[in-house]
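Read through the structure below, which is laid out as structure tokens, and then see the notes.
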Amino acid sequence: MRSVLVLGGDGFCGWPTALHLSAQGYRVGIVDNLSRRHIDDEMGSGSLSPITSIHERLDVWHEVSGEKIEFFYLDVAGEYQGLLGTIASFSPDTVVHFAEQRSAPYSMTNAHHKRYTIRNNIEGTHNLLCALVELDRNIHVVHLGTTGVYGYGTAGIEIPEGYLDVLIKTGTDEKGADRYAERSILFPTNPGSVYHLTKSMDQLLFQYYAQNDHLPITDLHQGIVWGTQTEETRRHDGLINRFDYDGDYGTVLNRFLMQAVVGHALTVHGTGGQTRAFINIQDTVRCIRLAIDNPPQPGDRVKIFNQVAETKRVKDLAEMIAAMTGARIAYVDNPRVEDAENDLLMSNAAFRSLGLDPILLREQLFGETMEIVERFKSRYDPKMVAARSLWTRNNRPGIVKE
């Protein structure tokens, strides 16, 4: 039986991934310090869907599936020896790395959050890589990155999967003609927040350790995730996944859906011309399994997938939801520093070649996602939905001005 250790396995993507892998016959362990729950306490917020404790979750999974998932309470960034010992004793074939602070707005709120995001994300990733080198085992790393490493400007091309083939002028020949050398480089990174900066720095760590120590590494550049439930989390209310709608952790789609159900205007930042990549949570867990099952060989360069299904403009999403719910749209100040509008074309050929047929927004957006919102709307806290984390002192929060 193949074994997988999921770092950050109590989080929004980590929890359904752990269940999916367990259901598919993998031996699964979860490493987590429950930091996302602590951030809820810090912010005075919480998931719209009521999530149970990690131990209750695991007990329910054992009851409904007959499978046992081991849990290790551990800070990946702060407890190197504990991480080293856990990997040594669990002896995974693959480590799936979700254990990073995942919110761009949270990473921009203040100096404390910026410093925490850098320390947690970079030290956690580096601790993992150092531990694998020290243990000297052929363990595949699958890391959940972000399409945000490419930036949110208009590239003018379809963004390839991680690497860009370039010609570098090296001089001229004896006849004066230009000479060029062919190179394949990481696609130039252009992070738009401290969170995105850490994912960009992760890329360089992976590139170094794959080259120097021959670690097999897969980096998944994932778009914005929508949806809440997967086949596994639907099996019992005790397994339900998070639904974040607050201004820091709630995605734009979650915010729009929550606002539509409670009669609030859909708050579109700036012109709404920002184009983003999207993927459903069910496809996230499928992609993770496909990446696990198709590892690079030791000594190969980092394998990079664009984990996306489609791209959409924010105002088009708002108009689609408004048309289906009757909600009004309010164009508000943009708390971020970003282009007012951009085009975004992105290849996802690698996962499609492995058989992924992604779920699209028009197919299932108003299925289980709206069911979650309607079912738990009594838990809605109107104070939490506005985007108030500012990129600079010159920005303004994204709130409706009455």
Open item on the list: Based on this model, can you work out whether Asn334 counts as more than 20 Å from the chain's Cα centre (by Cα), touching a residue at least 12 places away in the same chain (Cβ under 8 Å) and within 30 Å of Gly162 (Cβ to Cβ)?
Closed with: yes
Open item on the list: List the residue pairs whose Cβ atoms are under 9 Å apart, where the first residue sits in the stretch 153-168 and is assigned to a strand (DSSP E or B), the second is among the polar types (S, T, N, Q), and the two are 6 or more positions apart or on different chains.
Closed with: Glu158/Ser347; Ile159/Thr147; Ile159/Asn306; Ile159/Ser347; Tyr163/Ser184; Leu164/Ser184; Asp165/Ser184; Val166/Ser184
TODO: Could you grab the pairs with beta carbons closer than 9 Å, sequence gap of 6+ or different chains, first residue in the stretch 85-96 and modelled with pLDDT of 95 or more, second one of a type in the set (Phe, Trp, Tyr) and part of a loop (DSSP other than H, G, I, E, B)?
DONE: Asp93/Tyr26; Thr94/Tyr26
Task: Criterion: more than 18 Å from Gly9 (Cα to Cα) and of a type in the set (Phe, Trp, Tyr) - qualifying residue of Tyr208, Tyr249 - done: Tyr208
Task: Pro295 vs. criteria surrounded by fewer than 21 Cβ atoms within 10 Å (Cβ to Cβ) and not in a helix (DSSP H, G or I) - done: yes
TODO: Quick one: which residue in Asn190, Asn120, Asn138 is without any contact (Cβ under 8 Å) to a residue 60 or more places away in the chain, of a type outside the set (A, V, I, L, M) and surrounded by 12 or more Cβ atoms within 10 Å (Cβ to Cβ)?
DONE: Asn190
- [ ] Go through the stretch 1-97 and tell me which strands (runs of 3 or more DSSP E), entirely inside it, have 3 or more residues that are surrounded by fewer than 20 Cβ atoms within 10 Å (Cβ to Cβ).
- [x] 70-73
TODO: Determine which single condition Glu374 fails, assuming it passes every other condition in (1) assigned to a helix (DSSP H, G or I); (2) more than 28 Å from Arg289 (Cβ to Cβ); (3) in contact with a Lys or Arg (Cβ under 9 Å, 6 or more places away or on another chain); (4) of a type outside the set (Ser, Thr, Tyr).
DONE: (3)
Task: All positions within the stretch 171-187 that are without any contact (Cβ under 8 Å) to a residue 12 or more places away in the chain and part of a strand (DSSP E or B) - done: Gly171, Thr172, Asp178, Arg179
Task: The listed residue being touching a residue at least 12 places away in the same chain (Cβ under 8 Å), hydrophobic (A, V, I, L, M, F, W, C) and touching a Ser or Thr at 6+ places or on another chain (Cβ under 6 Å), out of Ile69, Ile51 - done: Ile69
- [ ] Would you be able to say whether some residue in the stretch 312-323 is in contact (Cβ under 8 Å) with a residue 60 or more places away in the chain and not aliphatic (A, V, I, L, M)?
- [x] no
Open item on the list: Can you go through Lys377, Lys383, Lys312, Lys303 and tell me which one is among the charged types (D, E, K, R), closer than 23 Å to Ile185 by Cβ and out of contact with any His (no Cβ under 6 Å at 6 or more places or on another chain)?
Closed with: Lys303
Open item on the list: With the structure loaded, tell me whether Gly78 is touching a Leu at 6+ places or on another chain (Cβ under 7 Å), under 24 Å from Ala131 (Cβ atoms) and not hydrophobic (A, V, I, L, M, F, W, C) or whether it fails that test.
Closed with: no
TODO: Answer with yes or no whether Asp32 is without any contact (Cβ under 8 Å) to a residue 24 or more places away in the chain and in contact with a Gly (Cβ under 8 Å, 6 or more places away or on another chain).
DONE: no
Open item on the list: Quick check on this structure: which one of Asp219, Asp237, Asp248 is surrounded by fewer than 24 Cβ atoms within 10 Å (Cβ to Cβ) and over 22 Å from His62 (Cβ atoms)?
Closed with: Asp248
Task: Selection count, the stretch 124-168, where residues are closer than 16 Å to Ala277 by Cβ, of a type in the set (A, V, I, L, M, F, W, C) and within 21 Å of the chain's Cα centre (by Cα) - done: 3
Task: Breaking point among (1) under 23 Å from the mean Cα position of the chain (by Cα); (2) loosely packed, with under 15 Cβ neighbours inside 10 Å; (3) of a type in the set (Val, Ile, Thr), for Ile372 - done: (2)
Task: In the stretch 341-377, the residues that are among the small types (Gly, Ala, Ser) and modelled with pLDDT under 95 - done: Gly367
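The values are calculated or read from the model by the stated rules, or taken from the named source; none is laboratory data. In this text the structure is predicted, and so the values were computed from the model without any measurement. Note: ideal-geometry Cβ built from the backbone for every residue, glycine included; neighbour counts use all protein chains shown.
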